[in-house]
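One structure below.
We did not get these values from a lab; they are worked out from the coordinates using the rules stated. Treat the numbers as computed from the prediction; the structure is a model and nothing was measured. Virtual Cβ from ideal backbone geometry, glycine too; neighbours counted across all protein chains shown.
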Amino acid sequence: MAYTKRLDGRKNNELRPMEAKTGVVKNADGSASFKIGKTWAIAAVYGPRDLNPRFLQNPKKGILRCNYGMMPFSGSGDRIRPGRSRRAQEIAMVMTKSLEPVVDLSAFPNSVVDVYVDLPQTDAGTRCAAISAASMALADAGIPMKDMICSVSVGQVQETVLADLTYNEEAHEAPVSDIPIAMVHNTGELSLLQMDGEISREDLMKALALGKEACEQVYKVQVAALKEKFKK
Amino acid sequence: MTGLVQQERNVVVPGEVLAEGMDYLPGDNTYREQDKIYAKALGLVNVNNRVVKITSLAGPYLPRAGDKIIGKVVDITMSGWRIETGTAYQAMLMVRDATMRFIRKEEDLTKILDIGDYVVVKITNVTSQMLIDLTMKGPGLHKVSGGRLMKINAQKVPRVIGKQGSMITLIKERTGCQITVGQNGRVWLRGTAEGEMKATVAIKMIEEQSHLEGLTDKIGKFLGEAPKFEKPVTTPQEGGEQ
């Protein structure tokens, strides 16, 4: 049986309701909160600051260092062990790689910009929410950036291509694929493309087209939140 | 379509198109790609003749030669002091740039500046790798004693100083405080307890509302009429708004 009606009643291309805010962590140089449905990411940016150990320093430009963490109580009820797990390290790495194309730290040699993202509540699509929040926090911190990064997940459940899967959809007992993407807004280039499961070539192209449209919606929310602080 | 896409004083985010066509030139915090000029930072659009630039609303301080900053002594070496500048980089203050007096080789440098002391210094040189040289010889450069220190965003410093120092002079006159604003965002105030408190609140207000117009009037209203303090020491401030 085909997956014709989504579990939460959304349309196939419809995202969960989004909510974004900047300046949520006053101690940080820049910060942002990004919610999409039940998934909630908080990002804080510190720096550029002194980088130790020194062998990590790059004398040509500053480096970007991301940290990702799900809070212990954030999942479906089981305590999530805090700290670096194999999964958290991988996500931190893909976050760094997806943000690097737009962040320009050539004016800050030997320094580091730290991005910390933690998720108080999760319901799939955490790395996408984390990247969207991190991009806003970097802009809020005034770090030179060529563009914004917007991120969302797409996928396929029983031959239906969907945007922004929830955990229940990801765990659906059927052929499911989950494709988190991140897009450089102006050029439409993808700076993150991963996949769980399998998908046919045609459906992948369909999913990516859907993803780009969805990223555009995320971008609108990001921009509105960044400008909110400066309303007259 | 060619010409300006954004209005003067609009708030833009990184990646937003500012102008199309070759009629405009990219200034600070912007870049050109093919025939469009894009923003490279969160800030206000500023058009000066044909140059479009972004006045950043947040962001780190970039050390520049000639800037007056407030630093903290973090280390003492053979030939001088290592100064923390509030950026990712530390600076060196050589003995010969710190004092007019002759210093004997075996003299105790902590007598002049000790670890933890704050100093008002001027940057004399910055290399591409951000090695910073400082001097404490010059008018208005000294070791800080008494008063209080506050931190603001370095991008808001020109607003706090105002055009030709109008804003800072206003605060000095109305609160009777002696105020030094470092380009790195550190502000040192000394006066009566109430004066210091009032000046702190006023500077915080400027920092929060720096993107709005008519701020000097607002601050003037907040501070009220000039009280009967003795005339404050007026030191010339550099690096205010153009």
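Each of the trypsin sites (Lys or Arg not before Pro) that DSSP puts in a loop and that has at most 11 other Cβ atoms within 10 Å breaks chain B; the longest unbroken stretch is B:106-227. Based on Cα contacts under 8 Å between residues 6+ apart, chain B shows a relative contact order of 15 percent. This ranking places B:T85, B:T180 by how few other beta-carbon atoms lie within 10 Å of each, fewest first, which gives B:T180, B:T85.
The distance separating the Cα centre of the stretch A:151-193 from that of the stretch B:61-91 comes to 49 Å.
Averaged over the residues of A:141-151, the number of partner chain Cβ atoms lying within 10 Å of the residue Cβ comes to 6.
Report note on the peptides A:149-161, A:123-135, B:10-22: ranked by the mean count of other C-beta atoms within 10 Å, highest first, their order is A:123-135, A:149-161, B:10-22.
Once divided by 2.2 N^0.38 Å, the Cα radius of gyration of the protein assembly as shown becomes 1.12.
Taking other Cβ atoms within 10 Å as a rough exposure proxy, B:I54, A:I143 sort from fewest to most as B:I54, A:I143. Applying a 4.7 Å Cβ-Cβ cutoff to chain A leaves A:C66, A:C128 as cysteine residues with no disulfide-compatible partner.
Working ranking of peptides A:183-191, A:37-45, A:200-208 by packing, defined as the average number of other Cβ atoms within 10 Å per residue, highest first, is A:37-45, A:183-191, A:200-208.
The mean number of Cβ atoms from other chains found within 10 Å of a Cβ in peptide B:15-21 is 3, as a whole number.
With neighbour counts taken as other beta-carbon atoms within 10 Å, the residues B:L215, A:L210 rank, fewest first, as B:L215, A:L210.
Shielding by partners for peptide A:21-34, expressed as the average number of C-beta atoms from other protein chains within 10 Å of each residue's C-beta, is 1. How much net charge surrounds A:A20 when only the other residues with a Cβ under 14 Å from the Cβ of A:A20 are counted, with Lys and Arg +1 and Asp and Glu -1? Net charge in that neighbourhood comes out at +3.
Shape class for chain B, computed from the alpha carbon gyration tensor (a ≥ b ≥ c): oblate, with a/c not under 1.5 and a/b at or below b/c.
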